[in-house]
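Notes to accompany the following structure.
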Amino acid sequence: MAENIGAASAQPEPDYDPGIPHGQSEASLRTLIARMEQEMAELQFERFAAADALALGLLLVELGTERSLPIAIDISRDEHELFHVSLAGATADNGIWARAKSRTAARYAEPSLLVGLRARLQGQRMEDNP
């Protein structure tokens with residue numbers, strides 16, 4: 001059996017981790033942004049009423065509790081808070097952070113994570129956006 005010596009083995013691009021501020025490839029960042037944009041286009045609610053917010057919120061509480069995640073869950077539409085809870089271990093800072101993310105999403109009409117990733121792609125911080 002002949003070996004292909006010298007052939008570069010293609011390593012898959014590692015997934016981009018938004019929690020790591022530096023040292024990741026631009027290609028993996030672009031891949032994550034593209035995936036988020038595709039998900040935004042595909043994952044649209046036909047309707048989203050208070051009952052839907054409650055069902056989604058309770059599902060997230062169940063998942064967070066099963067995984068012992070110290071999280072705050074905040075579901076809002078415009079300025080109307082539809083569901084909010086802090087699970088065991090969450091702090092007041094988690095609620096403040098959730099409100100800040102909600103304001104960013106409302107201002108740019110897209111997820112705050114996507115706003116931050118696009119800024120990072122340009123070598124900036126989300127706070128630098130006009």
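The values are calculated or read from the model by the stated rules, or taken from the named source; none is laboratory data. Nothing here was measured: the structure is a model prediction, and the numbers come from that model. We place every Cβ from the backbone using ideal geometry, glycine too, and count neighbours over all the protein chains shown. For the accessible areas, the whole protein counts, side chains as well, though only heavy atoms, and no ligand, DNA or RNA atoms are used. Shrake-Rupley method; radii C 1.70, N 1.55, O 1.52, S 1.80 Å.
Some points to look at:
- Residues in the range 23-130 average 69 Å² of solvent-accessible surface per residue, probe 1.4 Å, ligands and nucleic acids excluded.
- Net charge dipole size for the range 48-87 [Lys, Arg +1 and Asp, Glu -1 on Cβ; Debye, nearest 20]: 140 debye
- With a simple spin-label model that places each label point 7 Å from the Cα along the Cα-to-Cβ direction, the separation between GLU79 and MET126 comes to 2.2 nm.
- Percentage of interatomic Cα-Cα distances in the chain larger than 27 Å: 35 percent
- Using R0 = 30 Å, the C-beta based FRET efficiency linking ALA100 and PHE48 works out to 0.85.
- Exposed-loop-free span, longest in the chain, where GluC sites (Glu not before Pro) count as exposed if DSSP calls them loop and at most 12 other C-beta atoms lie within 10 Å: 80-130
- Exposed loop sites were defined as chymotrypsin sites (Phe, Trp or Tyr not before Pro) in DSSP loop states (anything but H, G, I, E or B) carrying at most 16 other C-beta atoms within 10 Å; in the chain the longest segment without such a site runs 49-130.
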